[in-house]
Structure formats: structure tokens, C-alpha cells
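A short worksheet on the structure shown next.
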Amino acid sequence: MKNLVVYGAGERGRNLISLADSCNWEIRAVIDSNQALWGTYIGSYQIQAPETLKDIDQAALCITPVFYADVIRSCITDIFNGKIRELSYNCLIQKIYATVDFSDLLDAVPVYNRDVSVIFACLDGMVLGGVQEWTKDICTKFLEEKNENTYILSTRKNSNIAAILEDHILNVDIDTGNMNSINNIRKLIACLKEHLPCVLVTSYPYEVFAGKIIKEVYPDKIRIISGIHNAAENTYQEYIDFKESVDAYVCVSSDITKEMIKRGVDTDKVHTMICPVNCPERLTRDYTIQRQQPVRLGYAGRIVVSQKRMDLMEKLIEALEAQKTNYYFEIAGEGDYLQRMQAFITGRHLQEKVKFVGVLDRQEIGSFWNDKDICINTADFEGRSLSVAEAMANGAVPIVTDTSGTKDDIRDGENGYIVAVGDCEAIADRVAKLEQNRDLLPDMGMKAHMELKEKCSMDKHYQFWKEVIHFEVDE
């Protein structure tokens, strides 16, 4: 590690450098392709252009950005002429942790609880998002079924917590802006150790670290299950990095399951789950059949460019305008792209056609989708979109990009449409087709509803998880 090079001056890069500094790890250089950053500093490290290190002799490189890692890797390989070996972000952090003394936390034998605790990690707090809603739902179900040792491991940034969950939140006061700091890890280790034996269920790779450290000392007292909720290419490698510590992977789509097996995970360690959504027992709703009325479109989710591609949503709206499609579009959610998108709508005088309705309560989701004809999703990647599933359950016809999980629920042309990622023109064409052929809406909408009704039972989901977390502890 004498020639450790860190690529990336973003949040992950800064956090890694902070961790390395706190543990007295030497970094040879910090590089980034953004010319505007050259000459600026992260701590004591000056950010350099990659080309300045082309003559370095045998470097260990860690690429920290989450996205576009393949593009970066290709460029760096050309610059360094193959004189590098890459070390993944999580593997490097594990190597740093291995040099940290946690003995004051781990040497004393814990006082074990009589029953196994089931702990669902949600370290970003109960913020807006499908993972967070799923976590609350599954924990609520466990508690309703009298599994009293069920908890959510979270931060103090929680809101909209049901009464049944209030006494089952393990609040850890951690810095979510620097998730892998030693201080954070120590707090998480201390919290988990109090609840041994336990099953730790994670939804993000960084939630595995503390459990892994405990498992190295008490291998028979903790079981780690990693839920994989999205299918970004980098996600697979981040989970593979923990392959030796994770007892089971639970994937939200068959696509993710196949990818993990393809990458060498034993088939008996990988499971596919269907996340339940509230689905009416009987679909009672109307569709906009009359052509003089606008066809009703909906989107519910984060209003951001990264992953959700709300910039493409703008292009979709422009395409609908160019085609003179008769539509009305309601967009629910919040995010850092909201103001820009509002300005886009105002600038084109489309306020009567496109309305932003804010964040919806869980109780409002059904009624939101119940009066929509069509659900739109322009994302670059998903795991299995909970929002799209909720829309289908309530009879909205999905028109979505070909992300992970879509083919688990959508049969193209029968109960919805699937188009290539990034192809907003194709989405506009499918909207126009339904706008011009309104009789298709009730037929496709009912088929979408039935697809979800047959598979999205919380009772089945609970039984699935009871089997996955089964954990017998030696006395």
C-alpha cells in the first residue's frame, strides 16, 4: 500500500481519505479528472490530474465514484499502462478496519439474550424511499406476528414512525455524511453487541461493516443477510466484496439474482423476494375513456437526475407536446431537481398540464394511482421499483424503461410497456398510442392489477423472511 492512489474527490473519496488519515494510512496521491479541482486540497492532499502520475511505479488504485467506474477504469488503465492493481472501495475500507484495535469493545464476553434479535438496518434514517418504506412494513408485520425482538437499526433522523415501531428503533447517533468513520463503526458495534445473538438484515453495502467485525470475533452469534434493492453495475461488486461474511443475499428481482450467481455466489445463498404492496382486493376505478379529456399520467418517487433521470422526464414532456398528445401529468415526490423542473414547466407555460403534488403519505398512494391511467418511469436503473408496483396494483398502466425487475411484473404490450433505458421518445410514443386508443386502458390496467394481486401478499412475504432468517444458536 505504499503507492496507494485514490481516484475521486467526491463524498466517498473524501470519506475514504478521512478514514485513512484517522488510521495513519499513507496515501500516495489523490487524483480526479475534473480539471476545476486540480490544485485544490482534501485535507493535506492536493488533487492532481491522473496524467501527472503516469510514471508511477506499481500503484494500488481505489476508484471511489459510484457511477461511471468502468469509464474511469478504462481511462486510468491507458494512463498507467497497466502498472496498477485495483482495490475496490469496500475492500480497502476492510483492510483499514483490520488495522484498528476494537478490543475494548469485543474482548469482553457479551451477555447474550435468550432469544435471537432480528435487526433491519436503515442507517440513512426513515427518509423518503422505497427501501425505507419496505423496512417499516416488514418490521411492522414481524411485530404484529408477536416477534417482539424485531428492531430497526437507524439514526435519529426518523419521521412518520407508526406507534407499533416506536419502541423498536435502535437509534445510533452517527454521522451519516461520513458513514464509515471509526467513530460510527464503534457505535454500531456497541449497539449490535448488546443484541446478540442476532440476524442483521442490511439494505446497503456499508451497513455490513460493523456486523462483519463482530462476526470475526463471535461467528456463531450473528448472521448477516444482505438485501439487494438496486441493480446498478457497481452494486454487484460492492456486495461481492462481503461474500465471505454474508450468509445470504436477498434480491428484489430475478435479474439481480442471476447477476449475483453469475458473479460466483453460491446458488443456495441467493434468494429472490417479491416486495409486497397494498393491493385492492377488488379494483374499483374509472379510466379516461373520452378522447376530449386528457389521459392522466403519474410519477411518484425522488425528483433527482441520478438514477431517476428527471432530466429525461423533461424531454418526455417536450416530446408529448411535440406530438400534441392530450395529457395531464401529476408528479409526486421531492428531490434536488425539483426547483429546476418546476422552472422548466413554468418556462414553457405548462402549469395547467403538469402539476407537482409534493410528498405523499402512505395512505395517499392508493388514491394517487387510482385516478391515473398511466404510470411513467424514466430511471436508468432500479431493483424492482416499488412505486411502479404500487401503480400497477391500483390499475395504472406502466410505461417504463427496461431496468431490473420490469420483466418480473410487466409483459410488454399486455399489461404495460417496456422501452430501452434513456428512450423518452419511445415512452412518448406509447403514451400517444394509449391516448389514441383509450379502450386499451381498462384492459391493460386490470391485467396490471391482477399481476400484482397474485404475488404481493404480505403474509407470503412474512413467511419468506421467517424462512430466510431462521437462525439456531448453540447454547
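The values are calculated or read from the model by the stated rules, or taken from the named source; none is laboratory data. What you are looking at is a predicted structure, and each value in this text was computed from that prediction instead of being measured. Methodologically, a virtual Cβ is constructed for each residue, glycine included, from the backbone with ideal geometry; neighbour enumeration extends over all protein chains shown. Accessible surface areas use protein heavy atoms only, side chains included; no ligands, DNA or RNA. Shrake-Rupley method; radii C 1.70, N 1.55, O 1.52, S 1.80 Å.
Would you check which residues across segment 156-177 are within 23 Å of residue 22 (Cα to Cα) and either surrounded by fewer than 14 Cβ atoms within 10 Å (Cβ to Cβ) or modelled with pLDDT under 90 (or both) and list them?
Within segment 156-177, 173, 175, 176, 177 meet the criteria.
Considering only residues that are of a type in the set (Lys, Arg) and either closer than 21 Å to residue 306 by Cβ or surrounded by fewer than 19 Cβ atoms within 10 Å (Cβ to Cβ) (or both), which ones fall in segment 343-394?
Within segment 343-394, 348, 353, 355, 362, 384 qualify.
Cβ-Cβ under 7 Å, sequence separation 6+ or interchain: first residue in segment 355-379 and on the phi < 0 side of the Ramachandran plot, partner surrounded by 23 or more Cβ atoms within 10 Å (Cβ to Cβ) and among the acidic types (Asp, Glu). Which pairs?
Note: pairs meeting the criteria are 365/390; 369/390.
Just name the residue that is nearest to residue 99 (Cα to Cα) out of those in segment 207-217 that are open to solvent by less than 30 Å² (accessible area, probe 1.4 Å), in contact (Cβ under 8 Å) with a residue 40 or more places away in the chain and of a type in the set (A, V, I, L, M).
Here is the first cut: in segment 207-217, the ones open to solvent by less than 30 Å² (accessible area, probe 1.4 Å) are 207-211, 213-214.
Okay, now just the ones that are also in contact (Cβ under 8 Å) with a residue 40 or more places away in the chain, so 207, 209, 213-214.
Checking the rest, the ones that are also of a type in the set (A, V, I, L, M) come to 213-214.
Values: 213: 12, 214: 15 Å.
The extreme case among them is 213.
Restricting attention to segment 76-106, which residues are without any contact (Cβ under 8 Å) to a residue 24 or more places away in the chain and outside any helix (DSSP H, G or I)?
82, 98, 101, listed by residue number.
Restricting the first residue to segment 184-197 and requiring it to be farther than 16 Å from residue 101 by Cβ, which pairs with a second residue that is hydroxyl-bearing (Ser, Thr, Tyr) and assigned to a loop (DSSP other than H, G, I, E, B) meet a Cβ separation below 7 Å and a spacing of at least six or different chains?
Correct list of pairs: 196/112; 196/218; 197/112.
Sort out which residues of segment 436-460 are open to solvent by 10 Å² or more (accessible area, probe 1.4 Å) and assigned to a helix (DSSP H, G or I), and write them in order of number.
436, 440, 442, 443, 446, 447, 450, 451, 453, 458, 459, 460
Please enumerate the residues belonging to segment 447-470 that are over 12 Å from residue 374 (Cα atoms) and either hydrophobic (A, V, I, L, M, F, W, C) or modelled with pLDDT of 95 or more (or both). Break it down into steps so the answer makes sense when it comes.
At the first step, the residues of segment 447-470 found to be over 12 Å from residue 374 (Cα atoms) are 447, 449-470.
447, 449, 450, 452, 456, 458, 464, 465, 468, 469, listed by residue number.
Could you name every one of the strands (runs of 3 or more DSSP E) located completely within segment 1-75 that has at least 1 residues being of a type in the set (S, T, N, Q), open to solvent by less than 20 Å² (accessible area, probe 1.4 Å) and at pLDDT 90 or above?
none
Taking the residues in segment 171-183 that are in contact (Cβ under 8 Å) with a residue 40 or more places away in the chain and outside any loop (DSSP other than H, G, I, E, B) as candidates, determine which candidate is nearest to residue 94 (Cα to Cα).
The extreme case among them is 182.
Any idea how many residues of segment 325-335 are farther than 16 Å from residue 312 by Cβ and open to solvent by 20 Å² or more (accessible area, probe 1.4 Å)?
Residues in segment 325-335 being farther than 16 Å from residue 312 by Cβ and open to solvent by 20 Å² or more (accessible area, probe 1.4 Å): 4 in total.
If a residue counts only when it is acidic (Asp, Glu), which helices (runs of 4 or more DSSP H) contained entirely in segment 338-419 have at least 1 such residues?
The qualifying helices (runs of 4 or more DSSP H) are 362-370, 386-393, 406-409.
Could you list, ordered by first residue, the pairs with Cβ atoms under 9 Å in which the first is in segment 333-352 and farther than 20 Å from residue 298 by Cβ and the second is assigned to a helix (DSSP H, G or I) and not hydroxyl-bearing (Ser, Thr, Tyr), at least 6 apart or interchain?
Within 9 Å, the pairs are 340/310; 340/311; 340/314.
Against the conditions (1) at negative phi; (2) open to solvent by 10 Å² or more (accessible area, probe 1.4 Å), where does residue 153 fall short? Just the number, please.
Unmet condition: (2).
For segment 291-323, give me each residue that is touching a residue at least 60 places away in the same chain (Cβ under 8 Å), crowded, with 20+ Cβ neighbours inside 10 Å and outside any helix (DSSP H, G or I).
295, 297, 298, 299, 300, 301, 302, 308, 309
Here is a check on your reading of the model: is residue 196 in a loop (DSSP other than H, G, I, E, B), open to solvent by less than 20 Å² (accessible area, probe 1.4 Å) and touching a helix residue (DSSP H, G or I) at 6+ places or on another chain (Cβ under 8 Å)?
yes
Restricting to strands (runs of 3 or more DSSP E) lying wholly in segment 218-290: which have 3 or more residues that are open to solvent by 10 Å² or more (accessible area, probe 1.4 Å) and within 25 Å of residue 95 (Cβ to Cβ)? Can you show your working first?
Working: elements: 222-228, 248-251, 270-272.
Here the list is empty.
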